[in-house]
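Working notes, beginning with the structure itself.
The values are calculated or read from the model by the stated rules, or taken from the named source; none is laboratory data. Small disclaimer: the values here were computed from a predicted structure and weren't measured. With ideal geometry, Cβ positions are generated from the backbone for all residues, glycine too; neighbour counts draw on all protein chains shown.
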Ligand SMILES: *Cc1c(COP(=O)(O)O)cnc(C)c1O
């Protein structure tokens, strides 16, 4: 990565961290209660290295294949890395996902939960799991429907014995996200789940105000992705 690009990347990263701290303070929450997942999907390893060198350890990827080729070697040098799976997960990639990721944020159907449960037993590796909720009940979106969430969460905990840490959502695109964030927090509270993964580049301050414990931020750190219409 060219020196100027690296400086710009680190500057954006610093700004995002400062804005997270500001939002935490504005919400009257304790410092350090929100963790940043730097979403490095489509970013090359040359773009994650400067962040690793700067001490950042938590990254998010949305495709198993891309994550495997980017991170398998990188992991070796950074033992305390926390790699989050934040994209749709196919059942046939579950073994690979459980061996690679530390957190799987997209548990969204019984077949996947069952596959995760058996992969966890087989590999003796327990990545923290999040249930993804389709909080706006949008037809094109992944995630468990809000009205099915309670039963599914219960099943994940009791029936499949998943190491469930919290809930994740992507709010509906064309409405104010605040209500969606609060709804996710309510569902989590009903089940005693403490982690809330919500908030992206455009809406993380609102998510933090609503109780997010993890924000997933790509564009504001790495810049506009090629796959994203401008
Ligand atoms: C890409 C992605 C993000 C990051 O989005 P930005 O708008 O680039 O910050 C967060 N969460 C999920 C699930 C994603 O796929």
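Being more than 16 Å from the ligand (Cβ to nearest atom) and under 15 Å from residue 197 (Cα atoms), is that true of even one residue in region 33-48?
Within region 33-48 (the criterion being more than 16 Å from the ligand (Cβ to nearest atom) and under 15 Å from residue 197 (Cα atoms)), the answer is yes, since at least one residue qualifies.
Under 8 Å by Cβ, and 6 or more places apart or on different chains, what pairs join a residue from region 77-101 that is more than 17 Å from residue 126 (Cα to Cα) with one that is more than 14 Å from the ligand (Cβ to nearest atom) and outside any helix (DSSP H, G or I)?
So the pair list comes out as 78/57.
Which ones in region 83-100 are in a loop (DSSP other than H, G, I, E, B) and touching a strand residue (DSSP E or B) at 6+ places or on another chain (Cβ under 9 Å)?
Taking region 83-100 and keeping what is in a loop (DSSP other than H, G, I, E, B), we get 86-90.
Matches in region 83-100: 86, 87, 88, 89.
Check region 195-202 and report whether any residue there is away from the ligand (no atom under 16 Å from the Cβ), modelled with pLDDT of 95 or more and either touching a helix residue (DSSP H, G or I) at 6+ places or on another chain (Cβ under 7 Å) or under 19 Å from residue 41 (Cα atoms) (or both). Steps first, please.
As a first pass, look at region 195-202 and keep what is away from the ligand (no atom under 16 Å from the Cβ): none.
No, there is no match, as no residue in region 195-202 is away from the ligand (no atom under 16 Å from the Cβ), modelled with pLDDT of 95 or more and either touching a helix residue (DSSP H, G or I) at 6+ places or on another chain (Cβ under 7 Å) or under 19 Å from residue 41 (Cα atoms) (or both).
Just one of 187, 221 is at pLDDT 95 or above, near the ligand (Cβ under 9 Å from one of its atoms) and in a helix (DSSP H, G or I); which is it?
On the way: 187 fails: near the ligand (Cβ under 9 Å from one of its atoms).
Step by step, each of 187, 221 is checked, and only 221 is at pLDDT 95 or above, near the ligand (Cβ under 9 Å from one of its atoms) and in a helix (DSSP H, G or I).
In the list 161, 154, which residue meets the criterion of being away from the ligand (no atom under 16 Å from the Cβ), farther than 27 Å from residue 29 by Cα and either touching a residue at least 40 places away in the same chain (Cβ under 8 Å) or in a loop (DSSP other than H, G, I, E, B) (or both)?
On the way: 154 fails: either touching a residue at least 40 places away in the same chain (Cβ under 8 Å) or in a loop (DSSP other than H, G, I, E, B) (or both).
Criteria check complete, one pass: 161.
One line per residue, one yes/no per condition, for (1) more than 16 Å from the ligand (Cβ to nearest atom); (2) in contact with a helix residue (DSSP H, G or I) (Cβ under 9 Å, 6 or more places away or on another chain); (3) closer than 27 Å to residue 111 by Cβ:
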| site | (1), (2), (3) |
| --- | --- |
| 51 | no, yes, no |
| 58 | no, no, no |
| 64 | no, yes, yes |
| 72 | yes, yes, yes |
| 84 | no, no, yes |
| 87 | no, yes, yes |
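Does residue 64 satisfy the criteria of being farther than 18 Å from residue 222 by Cα, surrounded by 14 or more Cβ atoms within 10 Å (Cβ to Cβ) and in contact (Cβ under 8 Å) with a residue 24 or more places away in the chain?
On the way: farther than 18 Å from residue 222 by Cα: yes; surrounded by 14 or more Cβ atoms within 10 Å (Cβ to Cβ): yes; in contact (Cβ under 8 Å) with a residue 24 or more places away in the chain: yes.
So residue 64 fits the description; yes.
To keep it simple, each residue is scored yes or no on (1) surrounded by fewer than 15 Cβ atoms within 10 Å (Cβ to Cβ); (2) in contact with a helix residue (DSSP H, G or I) (Cβ under 8 Å, 6 or more places away or on another chain); (3) over 25 Å from residue 118 (Cβ atoms).
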| position | (1), (2), (3) |
| --- | --- |
| 130 | no, no, no |
| 137 | yes, yes, yes |
| 149 | no, yes, no |
| 152 | no, yes, no |
| 157 | no, no, no |
| 161 | yes, yes, no |
| 169 | no, yes, yes |
| 172 | no, yes, yes |
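Scan 12, 57 and give me the residue that is under 14 Å from residue 101 (Cα atoms) and surrounded by fewer than 17 Cβ atoms within 10 Å (Cβ to Cβ).
Details: 12 fails: under 14 Å from residue 101 (Cα atoms).
After ruling out the rest, the residue left standing is 57.
Which count do you get for residues in region 105-140 that are within 19 Å of residue 173 (Cα to Cα), under 16 Å from the mean Cα position of the chain (by Cα) and in a loop (DSSP other than H, G, I, E, B)?
Step one: of region 105-140, the residues within 19 Å of residue 173 (Cα to Cα) are 106, 132-140.
Now restrict to residues that are under 16 Å from the mean Cα position of the chain (by Cα): 106, 132-135.
Going one step further and asking which of them are in a loop (DSSP other than H, G, I, E, B), we end up with 134-135.
Residues meeting the conditions: 2.
Restricting attention to region 28-41, which residues are buried (at least 17 other Cβ atoms within 10 Å of the Cβ) and in contact with a helix residue (DSSP H, G or I) (Cβ under 8 Å, 6 or more places away or on another chain)?
Listed by number, the residues that qualify are 34, 36, 38, 39, 40, 41.
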